[in-house]
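This report concerns only the one structure given below.
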Amino acid sequence: MRSYSLIAPAKINLYLEIIGDRPDGYHELAMILQSISLADQIDVRSISVDTIRVHCKHPQVPTDKSNLAYRAAELMTTQFPEAFSKYGGVEITIKKHIPVAAGLAGGSTNAAAVLVGIDLLWKLGLTQSELEELGATLGSDVPFCIAGGTAIATSRGEQLSALPSLDHIYIVLAKYRSLEVSTAWAYKTYREQFGNSYIRDTESLTARASAVHSGEIVKAILDKDSTKIAQKMHNDLERVVLPAYPQVLQLREVFATQEGVLGTMMSGSGPTVFALVESEQQAQAVKLHLQEAISDENLELFVTRMTTHGIHVASSV
Ligand code: C5P
């Protein structure tokens, strides 16, 4: 095969707890990540010139080294130089559907798709954990995006334990087109404001384990209890993002008053806010009501659902 077309789903955070700090400047996390069916399409193709090319028509997506998908391809060329010289360069085409810089792991899932696509193109036969290990060097969310589904993510977010997958809950996503929140800013501000209350890197594993409060939502997921899952959602980063971004707070508040919404939360460091809803019909109704309640042409709304899929092949030639 000389070319693969891959589907790269976005993710939401059903749970994000900041446990403590780390000497590398990152934060120790306990998260529950969930793949959603809103996805980009990533085509990877071997080309005869020894180079990496990225194409994307979306105006906010760079095609140089600042694109994580480019860096994923570059990583493969340095990790597997023999395959690179045997198969030649790689051309990557990104068809963007996931909002950019939205807290939905759009860039991370594109990078994950490039790792999986090049593994296939170059017939490397890497295992999931080998792909995840490569992914972790690119970004904290990349390893999750490879297998996707529903998972507990700890450490920087790259240590994964799979949970039984959910796919019966619908989701409405809301985001203001012009609004961006820097992830680094959100974590830094959280550390400045709340850092004195959390666990230090030097403290014991027992102390760290007892700081995690995700037990109830994990139980709700095991029971596939949508109402309980929605009630037990949590995101520590809301503590810094909601006061600083009134538009995100407003989405959160308007969602909470909608009939049929089981629960609402900001995803990652935002600015996307999502609502869990029982059926597609209800999700469409919530979308419509939100459009009417906030009539702003910069508001983007999507109806999607939870999915069990991570990166998967749509077609190959
Ligand atoms: O790993 P990634 O590049 O996606 O992270 C983006 C930024 O988010 C990091 O530069 C860091 O500031 C912050 N971050 C963190 N702790 C984590 C994950 C991310 O502080 N566990």
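The values are calculated or read from the model by the stated rules, or taken from the named source; none is laboratory data. Since the structure is predicted, the reported quantities are computational estimates derived from the model, not experimental observations. A quick note on method: Cβ atoms are made from the backbone with ideal geometry, for glycine too, and the neighbour counts reach across all protein chains shown.
Remarks
- When each of Leu138, Leu124 is tested for being part of a loop (DSSP other than H, G, I, E, B), closer than 22 Å to Ile7 by Cβ, within 16 Å of the ligand (Cβ to nearest atom) and modelled with pLDDT of 95 or more, the lone residue that passes is Leu138.
- Restricting attention to the range 162-196 and to residues that are among the polar types (S, T, N, Q) and farther than 26 Å from Gln247 by Cα, the residue that is nearest to the ligand (Cβ to nearest atom) turns out to be Asn196.
- Residue satisfying all of: in the range 52-70; under 30 Å from Thr150 (Cβ atoms) and surrounded by fewer than 18 Cβ atoms within 10 Å (Cβ to Cβ); farthest from the ligand (Cβ to nearest atom) among these: His58
- Checking Tyr26, Tyr15 one by one, the residue that is hydroxyl-bearing (Ser, Thr, Tyr) and either farther than 29 Å from Met233 by Cα or within 12 Å of the ligand (Cβ to nearest atom) (or both) is Tyr26 and no other.
- Considering residues of the range 47-66 that are among the β-branched types (Val, Ile, Thr) and in contact (Cβ under 8 Å) with a residue 40 or more places away in the chain only, the residue nearest to Thr78 (Cα to Cα): Ile52
- Cβ-Cβ under 6 Å pairs, at least 6 apart or on other chains, the range 181-204 side more than 20 Å from Pro271 (Cβ to Cβ), far side within 14 Å of the ligand (Cβ to nearest atom) and hydrophobic (A, V, I, L, M, F, W, C): Ile199/Ile19
- Yes/no for Val49 being more than 16 Å from the ligand (Cβ to nearest atom) and either assigned to a strand (DSSP E or B) or basic (Lys, Arg) (or both): no
- Ile36 meets each of the listed conditions (1) surrounded by fewer than 19 Cβ atoms within 10 Å (Cβ to Cβ); (2) touching a Phe, Trp or Tyr at 6+ places or on another chain (Cβ under 9 Å); (3) farther than 17 Å from Leu237 by Cα apart from (1).
- Taken over the range 146-161, residues that are more than 11 Å from the ligand (Cβ to nearest atom) and in contact with a Lys or Arg (Cβ under 9 Å, 6 or more places away or on another chain) amount to 1.
- Residues located in the range 8-28, provided they are over 14 Å from the mean Cα position of the chain (by Cα) and closer than 19 Å to Ala111 by Cβ: Tyr26
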